[in-house]
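The values are calculated or read from the model by the stated rules, or taken from the named source; none is laboratory data. This one's a predicted model, so the numbers in the text were calculated from it and none came from an experiment. Every residue, glycine among them, receives a Cβ derived from its backbone with ideal geometry; neighbour counts consider all protein chains shown.
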Amino acid sequence: MDTAADALLFDMDGTLVDSTPAVVRCWLAWAAEYGLTPADFARIATHGRPAVEIIGDLLPPERLAGGGLDAALRRIEELEVADTEGTVALPGAAELLESLPAGSWAVVTSATRRLAEVRLKAAGLSAPVLVTADDVVRGKPDPEPFLLGARMLDADPASCVVLEDAPAGLAAARAAGMRSIAVTTTHPASDLAADAVVEGLDRVRAAVVPGGLRVRAEAA
């Protein structure tokens, strides 16, 4: 891919940040508390989706009623905020963000704001513009998060490029009418429907040009 863009919208976990060890530890601890097993997780898609949707798939309606859902959400957030051990920036992430001018990029994540800020800080990154699960009604694969990110940057969705690692996020980008670059950090290339597929952000370059950005993604 070699294209012009007004703005870049980055997913966080699996795209900018590797939080996998902490995520696995926290969800397994949460599952044990709720009487679930690793096999229960294997039957549903989890990566790139908001916790509220994951919990809704895992627990029966009677356990979600009467404040049960809110309690389950609070608990997984508590576990994840407290455990950032092993959370690091993925190769090329810091360098790419540092090359971008202010107001030309945002982080759009399915994490809550509190969790996103903790993970970004643990990885040594910051996001002046941040869209989280707290800011939207419908998470990825709905286009709402990316469309909100574009509005916050005052960018035309058609002129935005999304950088994602998960099928749900790429589906959201397509639904928002945005182009996308997929990184194969958590899924094989065969699972990623995007305009370009690369191994990581170290294969992506962005340069400031008259009227916006020039973005290049180089397949390995």
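When Leu125 is tested against (1) outside any loop (DSSP other than H, G, I, E, B); (2) touching a residue at least 40 places away in the same chain (Cβ under 8 Å); (3) closer than 25 Å to Leu163 by Cα, only condition (1) is not met. Counting only strands (runs of 3 or more DSSP E) wholly contained in the range 136-211, the ones carrying 2 or more residues that are in the same structural domain as Asp6 (by TED's automatic domain parsing), within 17 Å of the chain's Cα centre (by Cα) and crowded, with 24+ Cβ neighbours inside 10 Å occupy 160-164, 179-183. Taking the criterion of being without any contact (Cβ under 8 Å) to a residue 40 or more places away in the chain and in contact with a Lys or Arg (Cβ under 9 Å, 6 or more places away or on another chain), the only residue of the range 1-51 that qualifies is Tyr34.
Of a type in the set (A, V, I, L, M), closer than 30 Å to Arg179 by Cβ and touching a helix residue (DSSP H, G or I) at 6+ places or on another chain (Cβ under 7 Å): does that describe Met12? Yes: the conditions hold for Met12.
In summary, helices (runs of 4 or more DSSP H) completely within the range 25-113 and bearing 2 or more residues that are within 20 Å of Thr186 (Cβ to Cβ) and touching an Asp or Glu at 6+ places or on another chain (Cβ under 9 Å) occur at 51-58, 93-98.
The conditions of being touching an Asp or Glu at 6+ places or on another chain (Cβ under 9 Å) and either farther than 16 Å from Val215 by Cβ or hydroxyl-bearing (Ser, Thr, Tyr) (or both) are not met by Ala173. Annotation note: of Arg114, Arg216, Arg119, the sole residue that is surrounded by 20 or more Cβ atoms within 10 Å (Cβ to Cβ) and touching a residue at least 12 places away in the same chain (Cβ under 8 Å) is Arg119.
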